[in-house]
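Q: One structure, pasted below without further comment.
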Amino acid sequence: MSALYDLAVIGGGILGSAAACRAAEGGMRTIVIEQQTLGSGASGVNAGTLSLQIKRVRLMPYAIKGHELWEKAGERVGFHKTGGITLAFNQREADLLHERMALKREAGAPIELITPARVAELEPNLSRKVVAASWCAEDGYANASLSGAYYRTLLEAAGVDIRERTPVTAIDRSGSAFELATPAGPVRATRLLLACGAWLRSAGAMIGLDLPVRARVNTVSVTERGPALVGTVVGHATGLLTLKQKPNGSILIGGGWQGTGSPDEGRSSVDPATLLPNLRLAMFAVPGLDRFRVVRSWTGFEANVPDFFPLAGAAPGIDNAFLLGCVRGGYTIGPYIGALMGDLILGREPELPLFDPGRFATGASAAA
């Protein structure tokens with residue numbers, strides 16, 4: 001008979017790892033099971049942008065708290081606070097910018113509207129076709145590729161067992177425990193947390209849940225190293241651009257443009273039909289970017305549900321099972337909302353409310 005854990009977490013990204021750390025620190029014997037390696041999914045392949053200007057209003061308190069945790073992690077995650085500028089190039093975009101940033105400022109983000117002249121002072125290499133802009137001094141970025149190594153250190157310090165390259169192929173409820181089938185043998189736990197990103201739907205099906213989880217295939221590109229061009233995080237009012245220059249001179253370009261593929265296929269690909277508009281918008285915003293060559297583009301899955309708010313709470317109708325995923329802006333918010341989930345599993349009242357998965361409970365099984 002395998003050892004009995006207090007909590008088994010399926011998914012070794014930021015969300016699952018943060019929840020596992022909090023649970024273990026609270027005294028639970030915890031294991032994290034990851035089908036690849038820690039931080040190898042969306043947690044490690046995103047652009048690393050930590051901008052409050054691109055977060056949804058309702059999620060702003062979580063983003064601010066998450067941002068503070070990344071700043072505290074500092075050099076271990078390559079954190080840089082550079083400030084960020086969001087640009088509008090016509091009146092429609094300016095109106096959108098003003099409306100959105102006013103709401104985000106009311107939600108607590110230290111955002112201010114600035115003039116095109118101020119943009120030119122802050123970033124002289126940006127386009128002179130700016131009509132309106134906003135500025136947030138707290139914005140910055142971290143190195144997403146360090147996520148796995150960072151959380152490995154935290155998990156080990158908390159005494160969490162880690163099993164990598166270990167897919168879960170089935171979940172059975174046997175008495176008061178869950179039994180997880182894996183190629184390395186069964187894992188038994190009295191509590192279960194599904195935090196496996198774009199694979200949350202298939203994992204939910206293993207315990208009788210029909211979750212309306214969809215996956216986006218976000219594209220990120222990086223250029224060769226070059227001379228200093230921008231010093232802040234640059235975005236666009238539509239949300240279709242994020243851009244930053246790293247200390248080594250390379251420039252990361254994102255914005256949520258879609259590639260092809262699906263989690264069920266197990267892979268995704270860059271789509272030139274969306275990559276090229278992404279790069280054109282970047283070059284319009286930063287004209288000098290045309291002197292840099294793109295050396296690599298890649299994709300990563302981002303899960304969401306129809307209302308685009310997180311799934312974070314108890315699994316509907318299944319005792320001692322929990323769900324955590326579909327967090328827009330999950331890189332920024334992940335460390336904090338993961339800790340909140342750990343508190344919930346420990347029986348504590350989370351500092352901020354979570355997002356009950358029961359709102360999509362029509363296909364949930366009442367028994368497991």
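The values are calculated or read from the model by the stated rules, or taken from the named source; none is laboratory data. A quick note: this is a predicted structure, and the numbers were derived from the prediction, not measured. Please note: Cβ atoms are built from the backbone with ideal geometry, for glycine as well, and neighbour counts cover all protein chains shown. Protein only, heavy atoms only, side chains kept; ligands, DNA and RNA dropped before computing areas. Shrake-Rupley method; radii C 1.70, N 1.55, O 1.52, S 1.80 Å.
Q: Checking GLU351 against (1) open to solvent by less than 40 Å² (accessible area, probe 1.4 Å); (2) not in a strand (DSSP E or B); (3) not small (Gly, Ala, Ser), which single condition isn't satisfied?
A: (1)
Q: Conditions first: (1) modelled with pLDDT under 95; (2) closer than 24 Å to GLY347 by Cβ. LEU200 passes all but one, so which condition is the exception?
A: All conditions are met except number (1).
Q: Right, here's the next one. Could you check segment 254-307 and list, in sequence order, the residues that are out of contact with any Cys (no Cβ under 6 Å at 6 or more places or on another chain), hydrophobic (A, V, I, L, M, F, W, C), more than 30 Å from ALA120 (Cβ to Cβ) and surrounded by 13 or more Cβ atoms within 10 Å (Cβ to Cβ)? Don't jump to the end; show me each part of the working.
A: Pass one, segment 254-307, residues out of contact with any Cys (no Cβ under 6 Å at 6 or more places or on another chain): 254-302, 306-307.
Applying the additional criterion that residues be hydrophobic (A, V, I, L, M, F, W, C) yields 257, 270, 273, 275-276, 279, 281-286, 289, 292, 294-295, 298, 301.
Going one step further and asking which of them are more than 30 Å from ALA120 (Cβ to Cβ), we end up with 270, 273, 298, 301.
Result: VAL270, TRP298, PHE301.
Q: Looking at (1) closer than 24 Å to THR82 by Cα; (2) not in a strand (DSSP E or B), which one does VAL220 not meet, given that it meets all the others?
A: (2)
Q: Filter segment 40-84 for residues that are assigned to a helix (DSSP H, G or I) and touching a His at 6+ places or on another chain (Cβ under 7 Å) and give the result.
A: Keep residues of segment 40-84 that are assigned to a helix (DSSP H, G or I), which gives 42-45, 52-54, 57-77.
Scanning segment 40-84 gives a single hit, LEU52.
Q: Go through the residues of segment 199-219 one by one and say whether even a single one is open to solvent by less than 20 Å² (accessible area, probe 1.4 Å) and within 20 Å of GLY140 (Cβ to Cβ). Step through it out loud before you land on a result.
A: Within segment 199-219, the first condition is being open to solvent by less than 20 Å² (accessible area, probe 1.4 Å), and the residues that meet it are 200, 203-204, 207, 209, 211, 213, 217, 219.
Next, from what is left, pick out any that are within 20 Å of GLY140 (Cβ to Cβ): none.
Within segment 199-219, not a single residue is open to solvent by less than 20 Å² (accessible area, probe 1.4 Å) and within 20 Å of GLY140 (Cβ to Cβ).
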